[in-house]
Amino acid sequence: MAPSGLMFAFAAWSSMVTITQAGNESHARNASAAISPLLLVSFDGFRADYLEKYPLPNLREFYSDGVLVDHLTNVFITKTFPNHYSLVTGLYAESHGILASTMYDPVMNRTFSVHNHSIDAVWWNEATPIWVSVQNSGYKTAAAMWPGSDVAIQNKTPTYFMKYDSKVSFRDRVLSLTDWLVRDEAVRLTVLYWEEPDNTGHTYGPDNVTEMTKALKEVDDNIGFLMQQLKSKGLWDKINVIVTSDHGMTQCSPDRLIQLDKCLNASTYTLVDETPVAAVLPRTNVSLVFNSLSKCHSHMKAYMKTDIPDRLHYKNNVRIQPIILVADEGWTIVQNEKHLRLGDHGYDNSLPSMHPFLAAHGPAFRKGYRLPHFNSVDIYPLMCHLLGISEKPNNGSFSSTRCLLASESCLDLASIIGIVIGSLMVLTTLTCLFIFIRNRVPNSSRPFARLELQEDDDDDPLID
Ligand SMILES: [Zn+2]
């Protein structure tokens, strides 16, 4: 009976999967119905496990009535600009062209720095951020300091935006965004950026519990202010809000320095970008430079551009230099000076310390639902779905995220296992019942046999 029970359970599971897929198809057909505005918020450098280590009562309230994804695999290199552009394009850095904080483009013979030329659209035009797509669909957008949102990418800035200024407080950014949302109903997408807890993480290191507690208390207060503003302006129940981050943070140390000058004469190369992923442009013999760097330090890997592992998706762009150096977690690459930040990010995106999280709340999202993981590039197709616009080609997957949505008839693995085990228990019970009833049949015939015997006994005296 066990094999037939398993077959029944498998058939039940198969039919449920079929129902789920059918549900997706019908939902896709209705995707354009009832579109709520969407607010995407990034708190820079919010490492996923801060959620387990710090109280964060406002953030907990936010996702307890919504959804939480424990950690996201972000894109390599795990720096601020590459990851913020990935969030709004769904593309790996090699495809959207914002590859680092400092880049050199050999075709244009120009250098990009987040501090100097970041508002020149030529660096950003390889991709289409979601606000451009929303505007091309006939709606309006608003942005508060999101990296790239003050650049006329493909000749369009967001409808409402602020020029980047780190001195503008979180509260002023929120007040501007919510005013734009209230005043103009055509605003469908808003994006909001805040510099903490990244700044504190860099200055003190994520292991400094005292300073990180203060910084995260302030971040949580800001989340509380955002929720309060959305409620007071009548937006809370109408707007879908996604809160996420670009990357995590790891502890560095003066004891973990890799000094390139100890391995190679500085005149032989240009150091385009620094730690923890250094971009090296050799001035003389590439092989000579590579051989020296590849033997430089046991906690640093050197890659020729063509040999960068495919899983990093960091190879196919002219702005990636002929040699890149990748430090192990917590190690810092310097040329000669001992400039050091106690916390840093940019390392391999497979490291949990580099991962951010995602929380979301709003009419589109389930309540009290939790997923362990998906990729940060999956947020872009999710946002396109929420806004009812077509996705540009991207590296994300909507199917990874759809279980977050209230409209999806989605069963998670635990539910499927529970239903299969439940089905097996019912089958086992039915089987036992059947065996019990079948064994009862001979017992019920015994009284007749005894009666016949008694009749025989009764007959005997009569014959006598
Ligand atoms: Zn950042």
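Overview of results
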| read-out | value |
| --- | --- |
| Within the stretch 157-266, helices (runs of 4 or more DSSP H) holding 2 or more residues that are within 16 Å of the ligand (Cβ to nearest atom) and open to solvent by less than 10 Å² (accessible area, probe 1.4 Å) | 209-232 |
| Helices (runs of 4 or more DSSP H) wholly inside the stretch 25-135 containing at least 2 residues that are within 22 Å of Cys403 (Cα to Cα) and open to solvent by 10 Å² or more (accessible area, probe 1.4 Å) | 57-64 |
| Selection from the stretch 103-125 of residues that are among the acidic types (Asp, Glu) and free of Cβ contacts under 8 Å to residues at least 60 places away in the same chain | Asp120 |
| Pairs where the first residue, in the stretch 198-210, is within 20 Å of Asp246 (Cβ to Cβ) and the second is within 12 Å of the ligand (Cβ to nearest atom) and charged (D, E, K, R), C-beta under 6 Å, 6+ apart | Asp198/Asp44 |
| Residue within the stretch 285-302 that is open to solvent by less than 20 Å² (accessible area, probe 1.4 Å) and of a type outside the set (A, V, I, L, M, F, W, C) present | no |
| Residues located in the stretch 344-356, provided they are among the hydrophobic types (A, V, I, L, M, F, W, C) and within 14 Å of the ligand (Cβ to nearest atom) | Met354 |
| Some residue of the stretch 131-142 being assigned by the TED database to the domain that holds Ile379, in contact with a strand residue (DSSP E or B) (Cβ under 7 Å, 6 or more places away or on another chain) and within 16 Å of the ligand (Cβ to nearest atom) | no |
| Residues (at negative phi, of a type outside the set (D, E, K, R) and not in a strand (DSSP E or B)) located in the stretch 352-374 | Pro352, Ser353, Met354, His355, Pro356, Phe357, Pro363, Ala364 |
| Residues within the stretch 32-72 that are more than 23 Å from Thr200 (Cβ to Cβ) and either modelled with pLDDT under 95 or within 16 Å of the ligand (Cβ to nearest atom) (or both), tallied | 4 |
| Pair list, Cβ under 6 Å, 6 or more apart: the stretch 339-351 residue outside any loop (DSSP other than H, G, I, E, B), other residue within 11 Å of the ligand (Cβ to nearest atom) and open to solvent by less than 50 Å² (accessible area, probe 1.4 Å) | Gly343/Gly201; Gly343/His202; Gly343/Met249 |
| Residue match in the stretch 345-365 (condition: more than 27 Å from Leu230 (Cβ to Cβ) and among the aromatic types (Phe, Trp, Tyr)) | yes |
| Any hit, the stretch 303-325, residues being open to solvent by 10 Å² or more (accessible area, probe 1.4 Å), within 16 Å of the ligand (Cβ to nearest atom) and at negative phi | no |
| Test: Ile416 is of a type outside the set (Lys, Arg), open to solvent by 60 Å² or more (accessible area, probe 1.4 Å), part of a helix (DSSP H, G or I) and not assigned by the TED database to the domain that holds Glu61 | no |
| Search result, residues across the stretch 386-403 that are assigned to a loop (DSSP other than H, G, I, E, B) and open to solvent by 50 Å² or more (accessible area, probe 1.4 Å) | Ser390, Glu391, Lys392, Pro393, Asn395 |
| Qualifying residue in the stretch 85-102 (condition: within 12 Å of the ligand (Cβ to nearest atom), touching a residue at least 12 places away in the same chain (Cβ under 8 Å), outside the structural domain of Leu192 (by the TED database) and over 18 Å from the mean Cα position of the chain (by Cα)) | yes |
| Test: Ser118 is over 21 Å from Val280 (Cβ atoms), out of contact with any Cys (no Cβ under 6 Å at 6 or more places or on another chain) and modelled with pLDDT under 95 | yes |
| Looking only at the stretch 333-347, and only at residues there that are of a type outside the set (A, V, I, L, M) and surrounded by fewer than 22 Cβ atoms within 10 Å (Cβ to Cβ), the one that is farthest from Leu260 (Cα to Cα) | Arg341 |
| Any hit, the stretch 348-370, residues being within 26 Å of Gly97 (Cα to Cα), crowded, with 21+ Cβ neighbours inside 10 Å and hydroxyl-bearing (Ser, Thr, Tyr) | no |
| Count of residues meeting criterion [among the small types (Gly, Ala, Ser) and in contact with a strand residue (DSSP E or B) (Cβ under 9 Å, 6 or more places away or on another chain)] in the stretch 247-286 | 4 |
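The values are calculated or read from the model by the stated rules, or taken from the named source; none is laboratory data. These figures come from a predicted structure and were not determined experimentally. Cβ coordinates were reconstructed from backbone atoms using ideal geometry, including for glycine residues, and neighbour counts include every protein chain displayed. Quick note on the areas: whole protein, heavy atoms, side chains included, nothing else; ligands and nucleic acids left out. Shrake-Rupley method; radii C 1.70, N 1.55, O 1.52, S 1.80 Å.
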